[in-house]
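K.L.:
To start, I am sharing the structure in question, which I have written as structure tokens.
No value in this document is a laboratory result; all are computed from the given coordinates. Computed from a predicted structure; not experimentally measured. No Cβ is skipped: glycine too gets one built from the backbone with ideal geometry, and neighbour counts run over all protein chains shown.
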Amino acid sequence: MTSAKSTFNFCSGPAMLPEPVMQQAQAELLNYQAKGISIMEMSHRSDTFQAILHSAKVRLRQLMNVPSNYYILFMQGGASLQFSCVPMNLLKGGKALYLDSGYWAKKAIAECKKIGDLDVQSVVTDSVVRQLHIPADLCRGNPYSYVHYTANETIDGLEYDSIPEVGDIPLVADMSSCILSRPVDVSRFGLIYAGAQKNIGPAGLTVVIIREDILARVMPDTIPRLLHYGTVVDENSMANTPPTFAIYLADLVFEWLQHQGGVDAMAIHNQHKAEMLYSVIDDSRLYSNTVATSHRSCMNVPFFLDDQLESAFVREAEQVGLLNLAGHRSVGGCRASIYNAMPVEGVEKLTEFMKHFENNYV
Ligand code: PMP
């Protein structure tokens, strides 16, 4: 994957999209397939848009090897609305277990608390090096309605290296910041959700992958129509006007991913970029990252440097075309988000800049 770009966007989301996708969208913007209008202006009921919707679902199913007993839903409201949809649909008066791994897990926990009963299991060992530790007997004989975890903590830069073992209990994963970054055995999950604005497309679209039997258990009458997974399935993700342009772009991103060699190729590409970045951090006297190697995120690489130098780092990086390297406001520091669309050149340019900056200031 090569790029002629000189500006690289390390934003955690909305994140950079593949350049060929943006070029194709630009070329087709005003006149989609000689229809004389933009895809943005077209009815979602038109055959043209229906073909795009179908194609996006088929491509995502192929890319993630989604078994036939799972539905793929396109919803709205971002991953944050799924924090509510999941307990509304799946709690059924029972109790859930939430694994608390950091910022986004806590957000999901807070929303579930408003809807029903849950246990929370903290899974971050907070010694000198942080890592994820899942207790062996996680469910302790509790017939939880589901277990929820956050596969990649976007802010903390913590990523699970394996899928939590939960027996027959449906496992629900927030994969917002790692979906499609590497192969995942979908059959291990009851439900997977992800906001699109990192590895899928523009903000405004949320992907939900749900196993058929989980769906069958939900209660339609107590849940708002648009938040009810059964309705979304029955209406083919068109229970109201869907985000048509976002779905079109997602389809282009899925096509691009297929041309790149799918998630297997992405895993190699992403591992390579992450190693480049972590090795500069570990070899330096200026930058630090306290996450254990086994749980370091391949998608979001947070690093800390002297408080006094942080703003100079972000400012000088921006001057050379390395954008959005400030850490999340809740933790400070710096963070480079290096999703699928970030080319190796972007990370090369960043690592060169980091070394140069360190030489100048240390
Ligand atoms: N979960 C994770 C892991 C995230 O990174 C984010 C957004 N950065 C969210 C949930 C919230 O997503 P949204 O803004 O789409 O609601």
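K.L.:
For segment 164-191, how many residues meet the condition of being assigned to a loop (DSSP other than H, G, I, E, B) and either away from the ligand (no atom under 16 Å from the Cβ) or closer than 16 Å to Ala96 by Cβ (or both)?
P.N.:
11
K.L.:
Can I ask one more? Pairs under 7 Å by beta carbon, first residue in contact (Cβ under 8 Å) with a residue 24 or more places away in the chain and in a helix (DSSP H, G or I) in segment 254-272, partner of a type in the set (D, E, K, R) and buried (at least 16 other Cβ atoms within 10 Å of the Cβ), six or more apart or different chains?
P.N.:
Pairs that qualify, where the first residue is in contact (Cβ under 8 Å) with a residue 24 or more places away in the chain and in a helix (DSSP H, G or I) and the partner is of a type in the set (D, E, K, R) and buried (at least 16 other Cβ atoms within 10 Å of the Cβ), are Phe254/Arg59; Glu255/Arg59; Gln258/Arg59; Val263/Arg182; Met266/Arg182; Ala267/Arg182; Asn270/Arg182.
K.L.:
Same structure again: Determine the pairs where a residue that is closer than 22 Å to Asn300 by Cα, located within segment 94-106, has a partner that is among the polar types (S, T, N, Q) and away from the ligand (no atom under 13 Å from the Cβ) with Cβ atoms under 7 Å apart, the partner being 6 or more residues away or on another chain.
P.N.:
The qualifying pairs are Leu99/Gln121; Asp100/Gln121; Asp100/Ser122.
K.L.:
Moving on to the next point. Just to be sure I understand, how many residues within segment 335-354 are touching a residue at least 40 places away in the same chain (Cβ under 8 Å) and either on the phi > 0 side of the Ramachandran plot or over 19 Å from the mean Cα position of the chain (by Cα) (or both)?
P.N.:
So the count comes out to 9.
K.L.:
Kindly establish whether Ser6 is at negative phi and surrounded by fewer than 16 Cβ atoms within 10 Å (Cβ to Cβ).
P.N.:
yes
K.L.:
Quick one: is Val362 surrounded by fewer than 22 Cβ atoms within 10 Å (Cβ to Cβ), among the hydrophobic types (A, V, I, L, M, F, W, C) and farther than 26 Å from Val128 by Cα?
P.N.:
no
K.L.:
Considering segment 146-189 alone, what residues qualify as being surrounded by 24 or more Cβ atoms within 10 Å (Cβ to Cβ), farther than 27 Å from Trp256 by Cβ and not aromatic (Phe, Trp, Tyr)?
P.N.:
Val147, His148, Asp156, Leu158, Val172
K.L.:
Right, next: Select from segment 192-242 the residues that are of a type in the set (Gly, Ala, Ser) and away from the ligand (no atom under 16 Å from the Cβ) and write down the one among them that is surrounded by the fewest Cβ atoms within 10 Å (Cβ to Cβ).
P.N.:
Ala216
K.L.:
Would you mention how many residues in segment 192-209 are in a strand (DSSP E or B) and aliphatic (A, V, I, L, M)?
P.N.:
Qualifying residue count for the region: 5.
K.L.:
Here is a list: Leu277, Leu286. Which entry is surrounded by 13 or more Cβ atoms within 10 Å (Cβ to Cβ), part of a loop (DSSP other than H, G, I, E, B) and touching a residue at least 60 places away in the same chain (Cβ under 8 Å)?
P.N.:
Residue meeting the stated conditions: Leu286.
K.L.:
Go through segment 141-157 and count every residue that is near the ligand (Cβ under 10 Å from one of its atoms), not in a loop (DSSP other than H, G, I, E, B) and not acidic (Asp, Glu).
P.N.:
2
K.L.:
Please report, ordered by residue number, the strands (runs of 3 or more DSSP E) entirely within segment 83-140 with at least 1 residues that are under 23 Å from Asp168 (Cα atoms).
P.N.:
By residue number, 95-100, 117-122, 130-132.
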